[in-house]
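*Asks:* For reference, the structure I am asking about is given below.
The values are calculated or read from the model by the stated rules, or taken from the named source; none is laboratory data. All figures in this text were calculated on a predicted structure; none of them were measured in a lab. Every residue, glycine as well, gets a Cβ built from its backbone with ideal geometry; the counts of neighbours run over all protein chains shown. The accessibility values were calculated without ligands, DNA or RNA, using every heavy atom of the protein model including side chains. Shrake-Rupley method; radii C 1.70, N 1.55, O 1.52, S 1.80 Å.
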Amino acid sequence: MLCLGIESTAHTFGIGIIDDKGKVLANEKSTFTTDKGGIHPRKAVEHHLLFYEFVLERALKAAKVKPKDVDLVAFSQGPGLGGCLRVGAAAARAISTICKVPLVGVNHCIAHIEIGKQTSGFKDPITLYVSGANTQILAYAAGRYRVFGETLDVGVGNFLDSFGRSLGLGFPAGPKIEELARKGKKYIELPYTIKGMDFAFSGIQTKLDNLAKSGKYTKEDLCYSAQETVFAIMTEATERAIAHINKKEILLTGGVAANKRLAAMLERMSKDRNVKFAVVPFPLACDNGVMIAWQGIIEHKAGRSHKIEETRIDQKWRTDEVDIPYIKSE
Ligand code: ATP
Ligand code: FE2
């Protein structure tokens, strides 16, 4: 069985094709980026409208398949930016109607988790899901992925992107901050904002913006200190989760999982705790159509599919609102 998955929640329009054994046939995408400044939602929509056909053609070509070979279409139904989600949903409805195949709308955040489980072979991890808009510590319990800890304000990716903007780094800033941080030498003290299992980043951001404006510190030291602080906060909360919940695996997933320093901190903590650690492979870390296609396969196997009238997008669809029929509780 082949599933074509469409991702369009924010900056990326992606199409992935995967089979039901987990073999990736195509992972094509086009991402809206800037040299300076953040992303404007309307600009992202224009980008998706301009590139979706091109991405689709490239994906079919890379997979060496024709539209008639596709057995299932999946798309990101939420959460995300309204206009962006609508482009993906419209494309998915059209392809499924033309190809006369079932359609499944999936939750983008759950897809970030499941692709990490698929690539790591983990069955029941505690997941640190770190991306632009989301930062959550999740684990499965009684029919859903439950949130054991999360950011109380912005997602860590958005934090990095906003801080990067004040340094004039453009979007996305995460990879550039990682690069600069490698050359940082001096740790600058920053607020360490963790409350139990939850944490917050906006106070750190204000402090960093002020430090950057003062002109007294190098970009390298600021990036290094920002990373060390926020990654330590998330590692501490994840460690607390693993200490309280009886799980034996830690999974790192989402766009910020591409960061080597964050992975190294979590790996070290997992070793100390004697639990397994895995990070989602780089091409599947940032938003991509493959994870949506894979989510489509596992949900469809569990009997889920949607009529066109059930495919309205949901901009605010939370991870812990999704019923998970395909995991059997003990
Ligand atoms: P969400 O999953 O919450 O909807 P999203 O879809 O915007 O968010 P992803 O594509 O999963 O997010 O992640 C994008 C984020 O990852 C951006 O904020 C980007 O700066 C960050 N990012 C990408 N690579 C790195 C890196 N090497 N280090 C740190 N951050 C990174
Ligand atoms: Fe994402």
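*Asks:* I'd like the full set of residues that are open to solvent by less than 10 Å² (accessible area, probe 1.4 Å) and β-branched (Val, Ile, Thr), limited to the stretch 56-89.
*Replies:* Val70, Val73
*Asks:* Quick one: how many residues across the stretch 140-176 are hydrophobic (A, V, I, L, M, F, W, C) and within 15 Å of Met234 (Cβ to Cβ)?
*Replies:* Quick first cut of the stretch 140-176, residues hydrophobic (A, V, I, L, M, F, W, C) only: 141-142, 147-148, 152, 154, 156, 159-160, 163, 167, 169, 171, 173.
From what's left, within 15 Å of Met234 (Cβ to Cβ): 147-148, 152, 154, 156, 159-160.
Residues flagged as hydrophobic (A, V, I, L, M, F, W, C) and within 15 Å of Met234 (Cβ to Cβ) within the stretch 140-176 amount to 7.
*Asks:* Scan (1) outside the structural domain of Val156 (by TED's automatic domain parsing); (2) within 16 Å of ligand 2 (Cβ to nearest atom); (3) surrounded by 13 or more Cβ atoms within 10 Å (Cβ to Cβ); (4) not in a helix (DSSP H, G or I) for the single condition Trp294 breaks and write down its number.
*Replies:* So Trp294 meets the others, but not (4).
*Asks:* Still on this structure: Find all pairs meeting these conditions: Cβ atoms under 9 angstrom apart; at least six residues apart or on different chains; first residue within the stretch 162-181 and more than 16 Å from Ile39 (Cβ to Cβ) and in contact (Cβ under 8 Å) with a residue 24 or more places away in the chain; second residue more than 8 Å from ligand 1 (Cβ to nearest atom) and not in a helix (DSSP H, G or I).
*Replies:* Pairs that qualify, where the first residue is more than 16 Å from Ile39 (Cβ to Cβ) and in contact (Cβ under 8 Å) with a residue 24 or more places away in the chain and the partner is more than 8 Å from ligand 1 (Cβ to nearest atom) and not in a helix (DSSP H, G or I), are Ile177/Leu167; Ile177/Leu169; Leu180/Leu167; Leu180/Leu169; Leu180/Thr218.
*Asks:* Could you identify the single residue in Ala285, Ala302 that is closer than 21 Å to Pro325 by Cα and without any contact (Cβ under 8 Å) to a residue 60 or more places away in the chain?
*Replies:* Of the residues listed, the single one that is closer than 21 Å to Pro325 by Cα and without any contact (Cβ under 8 Å) to a residue 60 or more places away in the chain is Ala302.
*Asks:* Only one residue in Ala142, Ala173 is among the hydrophobic types (A, V, I, L, M, F, W, C) and over 17 Å from Val130 (Cα atoms), so which one is that?
*Replies:* It is Ala142.
*Asks:* Does the stretch 31-39 contain at least one residue that is touching a helix residue (DSSP H, G or I) at 6+ places or on another chain (Cβ under 9 Å) and in a strand (DSSP E or B)?
*Replies:* Yes, because at least one residue in the stretch 31-39 is touching a helix residue (DSSP H, G or I) at 6+ places or on another chain (Cβ under 9 Å) and in a strand (DSSP E or B).
*Asks:* For the stretch 262-280, which residues satisfy the criterion of being outside any helix (DSSP H, G or I), in contact with a Ser or Thr (Cβ under 7 Å, 6 or more places away or on another chain) and within 13 Å of ligand 1 (Cβ to nearest atom)?
*Replies:* Val280
*Asks:* So, one more: Gly289 - would you say it is within 11 Å of ligand 1 (Cβ to nearest atom) and modelled with pLDDT of 95 or more? Break it down into steps so the answer makes sense when it comes.
*Replies:* Working: within 11 Å of ligand 1 (Cβ to nearest atom): no; modelled with pLDDT of 95 or more: yes.
Taking the combined requirement at face value, the residue does not satisfy it.
*Asks:* Another question, if that's okay. Just one of Val322, Val280 is within 15 Å of the chain's Cα centre (by Cα), under 22 Å from Lys123 (Cα atoms) and not acidic (Asp, Glu); which is it?
*Replies:* On inspection, the qualifying residue turns out to be Val280.
*Asks:* Now for a separate question. So which strands (runs of 3 or more DSSP E) stay within the stretch 90-200 end to end and still have 3 or more residues that are away from ligand 1 (no atom under 16 Å from the Cβ) and open to solvent by 10 Å² or more (accessible area, probe 1.4 Å)? Before the answer, list the steps.
*Replies:* Numbers: elements: 103-107, 126-130, 135-141, 144-150.
In the stretch 90-200, the matching strands (runs of 3 or more DSSP E) lie at 144-150.
*Asks:* Oh, and also: Filter the stretch 201-213 for residues that are within 16 Å of ligand 1 (Cβ to nearest atom) and assigned to a helix (DSSP H, G or I) and give the result.
*Replies:* Here is the first cut: in the stretch 201-213, the residues within 16 Å of ligand 1 (Cβ to nearest atom) are 201-202, 204-205, 208.
Ser202, Ile204, Gln205, Leu208 - these are the residues of the stretch 201-213 that are within 16 Å of ligand 1 (Cβ to nearest atom) and assigned to a helix (DSSP H, G or I).
*Asks:* Moving on. Determine the pairs where a residue that is free of Cβ contacts under 8 Å to residues at least 60 places away in the same chain, located within the stretch 64-76, has a partner that is loosely packed, with under 14 Cβ neighbours inside 10 Å with Cβ atoms under 8 Å apart, the partner being 6 or more residues away or on another chain.
*Replies:* Pro67/Ile98
*Asks:* Can you name the condition, by its number, that Asn259 falls short on among (1) within 13 Å of ligand 1 (Cβ to nearest atom); (2) at pLDDT below 95?
*Replies:* Among (1) within 13 Å of ligand 1 (Cβ to nearest atom); (2) at pLDDT below 95, the lone unmet condition for Asn259 is (2).
*Asks:* So, one more: Which number in (1) assigned to a helix (DSSP H, G or I); (2) surrounded by fewer than 20 Cβ atoms within 10 Å (Cβ to Cβ); (3) in contact with a Leu (Cβ under 6 Å, 6 or more places away or on another chain) marks the one condition that Thr238 misses?
*Replies:* (2)
*Asks:* In the stretch 1-31, which residues are touching a residue at least 40 places away in the same chain (Cβ under 8 Å), surrounded by fewer than 22 Cβ atoms within 10 Å (Cβ to Cβ) and over 15 Å from Ile115 (Cβ atoms)?
*Replies:* Matches in the stretch 1-31: Met1, Leu2, Thr31.
Residues checked against (1) farther than 21 Å from Ile298 by Cα; (2) modelled with pLDDT under 95:
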{"position": "Lys23", "(1), (2)": "no, no"}
{"position": "Asn27", "(1), (2)": "no, no"}
{"position": "Thr33", "(1), (2)": "yes, yes"}
{"position": "Lys36", "(1), (2)": "yes, yes"}
{"position": "Glu53", "(1), (2)": "yes, no"}
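*Asks:* Which residue is farthest from the chain's Cα centre (by Cα), if the candidates are limited to the stretch 1-21 and must be more than 16 Å from ligand 1 (Cβ to nearest atom) and part of a loop (DSSP other than H, G, I, E, B)?
*Replies:* The selected residue is Met1.
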